[in-house]
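Worksheet for the structure shown next.
Just so it is clear, none of the values below were taken in a lab; they were calculated from the coordinates. Just so it is clear, the structure is predicted and the values come from calculations on it, not from any experiment. Reconstructed Cβ throughout: ideal geometry from the backbone, glycine too, with neighbour counts over all protein chains shown.
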Amino acid sequence: MAASAEAIKCTDSVPLTPNEKVDLLRQYESYCYQVAFYMLNDGDQAKRAVEQALLVLYKQNEWFHTPEIARKAKVKHAALQQALELRKNELRELA
């Protein structure tokens with residue numbers, strides 16, 4: 001059962017379960033991949049960047065309690081950050 005952003009009510013008094021967090025993150029997975037792929041032009045690397053970006057966001061409880069527009073901006077930032085980190089590591093290995 002896929003949960004929509006509206007269906008998951010995030011309040012500071014009621015913490016989300018791990019499954020609810022995953023459901024909310026899944027809504028941003030495609031967008032995160034688009035950003036990472038745009039930066040890397042490599043599907044496998046983009047997938048790794050997305051995994052890392054979503055893991056970073058999963059650990060940020062405040063992310064789940066922000067408005068949708070702010071969540072999307074943070075997803076973009078996390079995807080870019082992880083894509084750049086992968087690229088940096090790749091270049092370091094070539095040197």
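Quick notes on this structure:
- Between residue 70 and residue 42, the FRET efficiency from the beta-carbon distance, with R0 = 35 Å, is close to 0.75.
- Taking θ as phi - 60° and the Karplus parameters 6.51, -1.76 and 1.60, the scalar couplings of the range 22-32 work out to 4, 4, 5, 5, 4, 5, 10, 4, 5, 4, 4 Hz in sequence order, x denoting glycine and proline.
- Lysine pairs in the chain with Cα atoms under 23 Å, if 8 or more residues apart or on separate chains: 20
- Degrees, to the nearest 10: 68-94 long Cα axis against longest axis of the chain: 20 degrees
- Scaled against the 2.2 N^0.38 Å expected of a compact globular protein of N residues, the Cα radius of gyration of the chain reads 1.16.
- Axis angle, to the nearest 10 degrees, between helix 43-58 and the longest C-alpha principal axis of the chain: 40 degrees.
- Using the Cβ-Cβ distance between residue 95 and residue 19 with R0 set to 41 Å, the FRET efficiency works out to roughly 0.45.
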